[in-house]
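The next block holds one structure in the form of structure tokens; read it before the comments.
The values are calculated or read from the model by the stated rules, or taken from the named source; none is laboratory data. Keep in mind the model is a prediction, meaning the values are calculated, not measured. Positions of Cβ are generated from backbone atoms using ideal geometry, with glycine treated the same way; all protein chains shown enter the neighbour counts. Ligands, DNA and RNA are excluded from the accessible area calculation, which covers all protein heavy atoms including side chains. Shrake-Rupley method; radii C 1.70, N 1.55, O 1.52, S 1.80 Å.
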Amino acid sequence: MSRSAPNSEPGRARSAFFGSGADLLVGCLGLLLVLTALVLRPPGLGGWEWPSGDRYEAGLGGGFLYWADGRVYEGEFVAGLPSGRGEIRWPDGTHYEGEVVAGLPEGRGRLRTPEGLEYVGRFTAGRASGNGELSGPFGRYRGAVEDGVARGRGELRTRGGSRFLGEFAAGVPHGEGRLDRHDGPTLRGRFSVG
């Protein structure tokens, strides 16, 4: 009496490893999918690396994007782009956290530099623009900012205790304003750069 393998039809030989031809085909397709995922690793399945050297890695609740120039983004992604809440770190130690659109600071955020400068406020297309607060070794400025410098109406309080309230251009008092000096009289009038 001949014995057949369990779960097989009498008279048909089966391989103990591969099973039937259909099982072999399904196994090969599965192996091909696993190898493809390991080589390509598209976003959402672990990671991705581009020819430019940029690299994406999935994380809990978001992911990481490592740019070839050394910048690192950690945060949310929308439609495959770094967008939503996130953080960007530059190789020189500059750090941004806040709203991001397509990999650029956009909306409200905070930027800190290794030189001790900090800006908290609005960003547009990666640049500090809008109302915000800029602080550093010079003191603290609150008001209108354009391309990262004080421009428009604002208030500057210096580390030495003086205060200027008025118009700014190119990051310095320029136009109508009032200077409350810590060591002297208050000056009012029109201030000019150069």
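Summarising the amide proton neighbourhood of Asn131: residues at separation of 5 or more, or on other chains, whose placed amide H is nearer than 5 Å comprise Arg122, Val145.
Label-to-label distance, Ala102 versus Asp180, with points set 7 angstrom from Cα along the beta-carbon direction: 4.4 nm. A 1.4 Å probe run over region 67-159, with the rest of the protein chains in place, finds 53 Å² accessible per residue. Overall, the ratio between the Cα radius of gyration of region 140-194 and 2.2 N^0.38 Å, rounded to two decimals, is 1.05. For region 84-127, the alpha-carbon coordinates run over 26, 19, 15 Å along the three principal axes, in decreasing order.
How big, in percent, is the set of alpha carbon pairs in region 52-194 lying more than 20 Å apart?
Details: 5419 of 10153 pairs.
Roughly 53 percent, once rounded to a whole number.
For region 103-148, which whole percent of the accessible surface, found with a 1.4 angstrom probe, sits on carbon and sulfur atoms?
On the way: 1140 of 2340 Å².
Of the solvent-accessible surface of region 103-148, carbon and sulfur hold 49 percent.
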